[in-house]
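Below is one structure, written out as structure tokens; the observations come after it.
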Amino acid sequence: YRVSLCGANRVNRKIQKMLHGISNLVALILGAIGISAVFRSNNDNTGLTHQNYYANLSSLHSWIGMGIVILFLSQFLVASAMFSGLKIPYVTATHKAGVLKLHKFFGSFIYVAVASNIYLGIQEKEQFNFHGR
């Protein structure tokens, strides 16, 4: 989301914030579609025997993933309320400065957590394939 922060082609801060918000909204929508697809795939019992059934939220990868989604949604909602330009009476510049520090930390944390969870999902899938699941 970082675009031309310095130099002659400096992008307006409002445009940067808008692009950042839109890209995160797109990520949120695509994440919801992905989670929906996984649940539908796991719930599709057509042609499966009881031995081949794979329950929802039965692995560490899925639970961590749900935690990441909830954290991302919380981050998105708080940031939308605090930094969108809406005039909320109880939000002062001091509040925004404090929330900005948390926003930066949790943004990086969520990014690393997603990458780690992708690796965990690949590792679990390989383990299931190795053991014949």
Discussion item. Any residue that is surrounded by 10 or more Cβ atoms within 10 Å (Cβ to Cβ), farther than 17 Å from Q75 by Cα, out of contact with any strand residue (DSSP E or B) (no Cβ under 7 Å at 6 or more places or on another chain) and among the hydroxyl-bearing types (S, T, Y) - is there at least one of those in region 92-110?
Written reply: yes
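What are the residues in region 58-79 that are among the hydroxyl-bearing types (S, T, Y), over 22 Å from L19 (Cβ atoms) and either open to solvent by 40 Å² or more (accessible area, probe 1.4 Å) or under 11 Å from the mean Cα position of the chain (by Cα) (or both), if any? Full working, then the answer.
Going through region 58-79, the residues among the hydroxyl-bearing types (S, T, Y) turn out to be 58-59, 62, 74.
Among the residues that remain, those that are also over 22 Å from L19 (Cβ atoms) are: 58-59, 62.
Of everything in region 58-79, just one residue is among the hydroxyl-bearing types (S, T, Y), over 22 Å from L19 (Cβ atoms) and either open to solvent by 40 Å² or more (accessible area, probe 1.4 Å) or under 11 Å from the mean Cα position of the chain (by Cα) (or both), namely S58.
Taking the conditions exactly as written (touching a His at 6+ places or on another chain (Cβ under 9 Å) and either open to solvent by less than 80 Å² (accessible area, probe 1.4 Å) or modelled with pLDDT of 90 or more (or both)), does M82 satisfy them or not?
Working: touching a His at 6+ places or on another chain (Cβ under 9 Å): yes; either open to solvent by less than 80 Å² (accessible area, probe 1.4 Å) or modelled with pLDDT of 90 or more (or both): yes.
Judged against the criteria, M82 is a match.
Table: residues versus (1) more than 17 Å from the chain's Cα centre (by Cα); (2) in a helix (DSSP H, G or I); (3) at pLDDT below 95.
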| position | (1), (2), (3) |
| --- | --- |
| L19 | no, yes, yes |
| V26 | no, yes, no |
| G34 | no, yes, yes |
| S41 | yes, yes, yes |
| N45 | yes, no, yes |
| L48 | yes, no, yes |
| A55 | yes, no, yes |
| Y90 | yes, no, yes |
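The values are calculated or read from the model by the stated rules, or taken from the named source; none is laboratory data. Source: prediction; values computed, not measured. Note: ideal-geometry Cβ built from the backbone for every residue, glycine included; neighbour counts use all protein chains shown. Ligands, DNA and RNA are excluded from the accessible area calculation, which covers all protein heavy atoms including side chains. Shrake-Rupley method; radii C 1.70, N 1.55, O 1.52, S 1.80 Å.
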